[in-house]
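Participant: First the structure, then my questions, so here it is.
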Amino acid sequence: MIVAMQGKATEENIQQVIERMVELGFNVHRTTGASQTILAGVGTPDHFDVAEFKVLGGVHEAYRISSPYKLAGRSFRPEGTKITFPNGVVVGGEQIVLMAGPCSVESRDQILTSAKQVAATGAQFLRGGAFKPRSSPYSFQGMGLEGLKLLREVSNETGLLVITEVMEISQIELMLPYIDCFQVGARNMQNFNLLRELGHVRKPVLMKRGISATIEEVLLSAEYILSGGNYDLMLCERGIRTYETYTRNTMDISAIPVLKKLTHLPVFADPSHGIGIRDMVPAMALASVAAGADGLLMEMHPNPDKAMSDGAQSLYPQQLQDLVQQLRKIAPVVGRSIA
């Protein structure tokens with residue numbers, strides 16, 4: 001159930017509604033927007049009458065949530081979610097946020113060079129995997145803790161925020177001191193135990209769409225994180241598996257406007273994994289921005305031909321520079337901007 005309070009509702013009015021919702025057996029999630037407070041009641045009370053809430057003091061509207069995702073739906077935050085990071089970077093606002101860097105942290109020189117090249121484009125985040133989920137057990141699995149330390153070291157030197165992938169619950173506490181944002185990869189989108197734990201962490205999360213996941217499944221996975229009280233969540237379209245084999249995945253550009261309509265959460269696009277072919281990544285990045293993406297997550301390596309993972313889809317530094325220049329021309333057409 002959603003209870004939308006009037007703009008002039010007092011704190012006493014709000015608490016009265018919350019108390020009644022709790023009495024009925026709801027878990028109450030509260031969010032305050034620019035003009036009103038929204039109370040979302042989740043759970044399975046035996047019986048309740050929405051009409052009872054419509055007449056309570058300070059209530060503007062009350063209605064049942066018909067969709068299976070209660071907190072991810074746009075009705076919970078009609079104005080959209082904005083996530084502000086400690087250095088002032090805002091995700092979900094007018095400016096499109098850029099995250100770039102290598103697939104994996106390979107050495108100090110490699111990640112420092114990458115960070116400087118990413119920072120030179122105006123991007124706000126350095127991406128790089130310290131723990132790498134690989135299809136083959138014989139492939140490079142990442143540097144682990146040492147990789148996290150290198151990410152933090154070079155981010156402090158360049159001013160970039162750090163986003164990296166978390167693969168299991170045991171890594172969460174280890175990663176907290178070194179990162180600014182957790183990334184949940186496609187393989188873990190339905191690792192519900194991991195998602196539930198990330199809901200208890202007060203640090204932003206970017207969750208990628210699973211390789212064969214429907215839009216509803218994406219939003220239900222998001223619900224696991226939101227229901228724990230962590231509302232600083234971003235979604236990421238990264239391509240899905242279809243019958244086409246020419247590209248690594250099929251980049252579902254249509255998912256971006258669909259998600260923007262259904263959810264209040266910021267939506268990113270990962271064109272690197274979405275298509276998997278370096279020279280086609282810029283076209284998918286431009287299309288994603290035109291479709292309404294709030295940010296881009298891209299792979300760039302100082303020397304992709306020598307990369308230990310995902311070299312074929314990693315941009316050369318100059319390609320990233322050129323792409324950002326193109327994005328600066330496209331963004332204003334859709335009412336956005338690039339730093």
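Every number in this text was worked out from the coordinates using simple rules, so none of it is lab data. Here the structure is a predicted model, which is why all the values come from computation and not from measurement. Don't worry about glycine lacking a Cβ; one is built from the backbone with ideal geometry, like all the others, and counts go over all protein chains shown.
Participant: Near D232, within a Cβ-to-Cβ distance under 9 Å, what is the net charge of the other residues, with Lys and Arg +1 and Asp and Glu -1?
Facilitator: For residues surrounding D232, the net value is +2.
Participant: For the chain, give me the percentage of DSSP beta bridges that are antiparallel, rounded to the nearest 5 percent.
Facilitator: Of all bridge pairs located within the chain, approximately 35 percent are antiparallel.
Participant: Right, next: Percentage of Cα-Cα pair distances in segment 83-338 greater than 33 Å, rounded to whole percent?
Facilitator: 9
Participant: Counting pairs of alpha carbon atoms under 8 Å apart in space and at least six apart in sequence, what relative contact order in percent does segment 2-66 give?
Facilitator: Value for segment 2-66: 46 percent.
Participant: If Lys and Arg each add +1 and Asp and Glu each add -1, what is the summed charge of the other residues whose beta carbon sits under 10 Å from the beta carbon of M1?
Facilitator: Neighbour charge sum, excluding M1 itself: +2.
Participant: Moving on to the next point. Can you tell me the equivalent ellipsoid semi-axes for segment 143-215? Use √(5λ) from the Cα gyration tensor, largest first, whole Å.
Facilitator: The three semi-axes for segment 143-215 are 23, 13, 11 Å.
Participant: Which residue fluctuates most in the GNM of the chain (Cα springs below 10 Å): R241, R20, R152?
Facilitator: Of R241, R20, R152, the most mobile in the Gaussian network model is R20.
Participant: While we're on this one: Taking springs between alpha-carbon atoms closer than 10 angstrom, which of V17, V205, V184 fluctuates most in the Gaussian network model of the chain?
Facilitator: V17
Participant: A further question follows. How would you order 197-204, 329-336, 218-225 from highest to lowest mean count of nearby Cβ atoms within 10 Å?
Facilitator: 218-225, 197-204, 329-336
Participant: Do you know the relative contact order of the chain, to the nearest whole percent, from alpha carbon pairs under 8 angstrom that are 6+ apart?
Facilitator: 16
Participant: How much of the calculated P(r) for segment 1-71 lies past 13 Å, in percent of all Cα pairs?
Facilitator: Distances greater than 13 Å cover 60 percent of the Cα pairs.
Participant: Hey, another quick one. Taking Rh as the Kirkwood radius computed over C-alpha pairs, what is the Stokes-Einstein D of segment 218-305 at 37 °C in a medium of viscosity 0.692 mPa s, expressed in µm² per second?
Facilitator: For these conditions, the coefficient is 239 µm²/s.
Participant: What is segment 218-339's relative contact order, in percent, from Cα pairs under 8 angstrom and six or more apart in sequence?
Facilitator: After rounding, I find 19 percent.
Participant: No solvent, one uniform scatterer per C-alpha: report log10 I(q)/I(0) for segment 187-339 via the Debye equation at q = 0.13, 0.21 1/Å, two decimals.
Facilitator: The computed values of log10 I(q)/I(0) come out as -0.62, -1.31.
Participant: If you don't mind, another one. I'd like the projected area of segment 1-150, averaged over all directions, using the convex hull of its alpha carbons. Report it in nm² with one decimal.
Facilitator: Projected area, direction-averaged: 13.5 nm².
Participant: When the chain is treated as a GNM, springs tying every alpha-carbon pair under 10 Å, which of H47, H301, H264 comes out with the largest mean-square fluctuation?
Facilitator: H47
Participant: Another one. What net charge do the residues around L297 carry, taking every other residue with its C-beta under 13 Å from that of L297, with Lys and Arg at +1 and Asp and Glu at -1?
Facilitator: With Lys, Arg at +1 and Asp, Glu at -1, the net is -2.
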